1. Per-residue mean of other chain beta-carbon atoms within 10 angstrom of the beta-carbon, peptide B:11-19?
2. When averaged across all projection directions, what area in nm² does the alpha-carbon convex hull of the protein assembly as shown cover?
3. Over all residues in A:80-92, what is the mean tally of Cβ atoms on other chains that come within 10 Å of each residue's Cβ?
4. Quick one: in the range A:1-142, what % of C-alpha pairs are over 19 Å apart?
5. To the nearest whole number, what is the average tally of beta carbon atoms from other chains within 10 Å of the beta carbons of peptide A:28-36?
6. At a threshold of 8 angstrom on Cα-Cα distance, excluding pairs fewer than six apart, so keeping six or more, what relative contact order does the range B:59-166 reach in percent?
7. Defining a contact as two alpha carbons under 8 Å apart and six or more residues distant in sequence, what relative contact order in percent does chain B show?
8. Distance from the Cα centre of the range B:87-145 to that of the range A:107-173, in angstrom?
Amino acid sequence: MATHSIAIENIKTGEVDTAVYEHPFIVRLCHWVNAVALFVMIGSGLQIFRAFPSFGAKIPQKDLINWPKSFAIGGWLGGALQWHLTFMWIYLATGLVYLGYQLFSGNYRQVLFVPRDIPGVWPMVRHYFLFGPKPLATEAYNPLQKHAYTSAIILGALSVITGFAVWKPIQFSWLAWLMGGFHWARLWHFLIMWAIIAFTFGHLVMVALHGWNNFVSMLTGWKKDPDYPAE
Amino acid sequence: VTTTIDSRKFKKLNRRELLKLAPVLALGAFAIPKFQESLLKAGLATSDWTSSKMFRSGHLAKTFSDADLTPFNKFPINGYDVADPGVDFETWSLTVSGAVQKPGDYKLAAFQALPKVRQNTRHVCVEGWDVIGRFGGARLSDFLQSIGADTSARFVYVECADDYYESLDMVTALHPQTLLCYEMYDRPLTREHGAPLRLTIPTKVGYKQAKYLTDLKVTNVLQRAGYWEDQGYPNYYGL
């Protein structure tokens, strides 16, 4: 989908800026609903984990970590289950609406990491982490960004799939089997959560580094003065 | 670049697009104490309803070989209060009532007379741990049939010697792996594991599998759903 752009004439100075409509409404809506849902799913998930903070045997129980209650949602196991089993529907619905929209609108091309993006990854890594020169931006997302977002979408899907294997290891026995049974499905579900947390951390750092116009674009859709040529 | 607009108009445009996101604020209702409880209750009910729709009555839980069994001494004992409520085995019986043709008190021999099933199945606790145990007993469905239970009723409700109580949807009650269990690891049930009679339901989470049964009722109406359920755990929790 071609991102459409406009020219904005400043009424005082007469200066002309450009702005591109980068994020369609459905994408923005899903982004913020998902942000809330993810927060609740992780918080309540960690409270559920507190009930048995281990991936080994129950007897003898060797705890992996004593996760603090203040970084968890729900207060107790039953409460956390209520949050988790409620927000999982919001999380799932948001994911499905998002994927459906991206697919049918063709907007997925903005995000989807494809083979021709591969050569552009290293120059971006060099720029961000090794003080390399900034590669010329040609579209809304650079190759490294596409890689990160595509990975995040895959992680989101995996969190749902592993979640179903933990929640319904018998009705979805084939899913649980794929993951090595209930016991392992629970570990996969946990690890994928940490991968999502890692993505979110990197995402927030990047948002902080890329300034106000970039942040506002996820609220209003419009990005002023994009660093790539507007179509 | 096609259109040119002035900066005031652009501001307006941005404001309008921002306002479109207002529905996201609806999620804030979850933070308001007044709505929180009923919203979460509705969410839990949705999960329970979906769970019951996902349940396939003919689909069996995986069974395991003897080599996969968790050693008996490593099979956890989770009671809500005491490990042994002091059941007198001499006088014990299961009191059956409700929508059945033959209500009354049933001694352990009545269950032992029914076809015996032995199965190695996974026991999953709501806390997250799981073990594989060997269980022996009578199918609940066989017992329900023998007492002429109305299997079109919605629930089987049980009470226990330690004031624990539970309810089970009829579809799960009739599942072939749902047992009235009187043996574990080929030995009579020990007191800590719920002697003389307990429920073994591999398609349900652990707290549904009540121990030290004393009463069983076939019913359409539940006064209480279960000890943990009434404190906020999911009613259905099928695996």
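Bear in mind that the values in this text are calculations on the coordinates, not laboratory data. Values in this document were obtained by computation on a predicted structure and should not be read as measured data. Because the Cβ atoms are built from the backbone with ideal geometry, glycine has one as well, and the counts that use them run over all protein chains shown.
1. Taking the mean over all residues of the peptide, I get 4.
2. Details: hull surface 109.2 nm².
Taking the Cα atoms of the protein assembly as shown, their convex hull projects to 27.3 nm² on average.
3. Details: counts 0, 8, 11, 5, 3, 11, 10, 4, 3, 4, 3, 0, 0.
Mean inter-chain Cβ contacts per residue within 10 Å come to 5.
4. Numbers: 7095 of 10011 pairs.
So the portion of pairs separated by more than 19 Å is 71 percent.
5. Values: counts 5, 4, 1, 2, 5, 5, 0, 2, 6.
For peptide A:28-36, the averaged partner shielding equals 3.
6. Numbers: 115 pairs, mean separation 31.3, N = 108.
It rounds to 29 percent for the range B:59-166.
7. Values: 395 pairs, mean separation 49.9, N = 239.
Normalised by residue count, the contact order of chain B is 21 percent.
8. 52
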